[in-house]
1. Taking the residues in region 143-162 that are modelled with pLDDT under 95 and in contact with a strand residue (DSSP E or B) (Cβ under 9 Å, 6 or more places away or on another chain) as candidates, determine which candidate is nearest to Ala129 (Cα to Cα).
2. Please go through region 1-20 and give me each residue that is within 30 Å of Gly137 (Cβ to Cβ), without any contact (Cβ under 8 Å) to a residue 60 or more places away in the chain and either touching a helix residue (DSSP H, G or I) at 6+ places or on another chain (Cβ under 7 Å) or of a type outside the set (Val, Ile, Thr) (or both), ordered by number.
3. So for region 21-30 (the condition being touching a residue at least 12 places away in the same chain (Cβ under 8 Å), over 17 Å from Pro140 (Cβ atoms), among the aromatic types (Phe, Trp, Tyr) and in a helix (DSSP H, G or I)), does at least one residue qualify?
4. Every residue in region 168-190 that is within 20 Å of Glu154 (Cα to Cα) and surrounded by fewer than 13 Cβ atoms within 10 Å (Cβ to Cβ), please.
5. If I ask for residues that are of a type in the set (Lys, Arg) and either touching a Gly at 6+ places or on another chain (Cβ under 6 Å) or not in a helix (DSSP H, G or I) (or both), which ones from region 155-207 would you list?
6. Any idea which of Thr162, Thr191 is β-branched (Val, Ile, Thr), in the same structural domain as Glu117 (by TED's automatic domain parsing) and over 19 Å from the mean Cα position of the chain (by Cα)?
Amino acid sequence: MEPQWLRWAKELQAIAQIGLTYSSENHFDVERYRRTREIAAEIISSCAEIKKGDVLDLFEREDGYATPKVDVRGVVFRDGKVLLVREVADGGWTLPGGWADVNESPSESVVRELREESGYEVRPVKLLAVYDRSKQGHIPAFPFHVYKLFILCELMGGEAMTSFETSGVEFFAEGELPELSLSRVTPEQITRFFAHQRHPEWATDFD
C-alpha cells in the first residue's frame, strides 16, 4: 500500500482540479482551489524530496474532471515463457505496454504497444486483471491514481525488435525472471499471470 501522505496529496489534487474546472467564474473559489493544489504539491515535495515547482507544474497540466489514468499491458506466452521488454528509462524489464491513447479501445492500445515496443503482432484474447496501482506494491509511488489493465494476447507474427523506449525483447521462464521495472510490473503479478495461463477457466482479477 502506498503511504497515507501520498493518498492525501492525490485526493487534494483531485479536489483542486475538479474545483478549478467548475468554479472558473468565482474568483474566491478559484484562489481556494489553487491553494489546495499548492498544498498537495507541498506535501509531495516535503515527503518525497522533489522540488515543489516540479510537482506543481505536473499538477497544473491536468484539467477537467479528475479520473484515474489507464495503463494497458500485454501478456504474451510462447513455449511456457512470457514476453518482456527492457525499458530504456530505468533498465528494468516489464510486460510491453503503456498509457492508453484517446480514441483507442484497450484491445487496440495493447496491440499498438506490443508492436511498437517488441515488434510482435498479437491478438487480444482475455482481460486477465484490472489492478489499482496504489494497491499493488509498485515503486516508486506515483502522484496520480492509475488503473492497470493486463490483457492476455496470442502471438500472431512479427519478430523481436527494440524501439526508442525499449532496449531488449526476450521471453523468460517463470523461475528465471530478470530484474523488473517495478514501477510497471511486479513479480507477484507475473507469477499470477503464469497461473492464469495454467488455469484458463479463471475469471478476471480486479481490486
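1. Applying the filter and picking the extreme gives His145.
2. If the condition is that a residue be within 30 Å of Gly137 (Cβ to Cβ), without any contact (Cβ under 8 Å) to a residue 60 or more places away in the chain and either touching a helix residue (DSSP H, G or I) at 6+ places or on another chain (Cβ under 7 Å) or of a type outside the set (Val, Ile, Thr) (or both), then Gln4, Trp5, Trp8, Glu11, Leu12, Ile15, Ala16, Gln17 are the ones that fit.
3. Checked against the condition, which is being touching a residue at least 12 places away in the same chain (Cβ under 8 Å), over 17 Å from Pro140 (Cβ atoms), among the aromatic types (Phe, Trp, Tyr) and in a helix (DSSP H, G or I), region 21-30 yields no hits at all.
4. Passing the criteria: only Ala173.
5. Arg184
6. Working: Thr191 fails: over 19 Å from the mean Cα position of the chain (by Cα).
None of the other options fit; the residue is Thr162.
The values are calculated or read from the model by the stated rules, or taken from the named source; none is laboratory data. Model, not experiment: these values are computed from the prediction. All Cβ positions, even for glycine, are placed from backbone atoms using ideal geometry, and neighbour counts span all protein chains on display.
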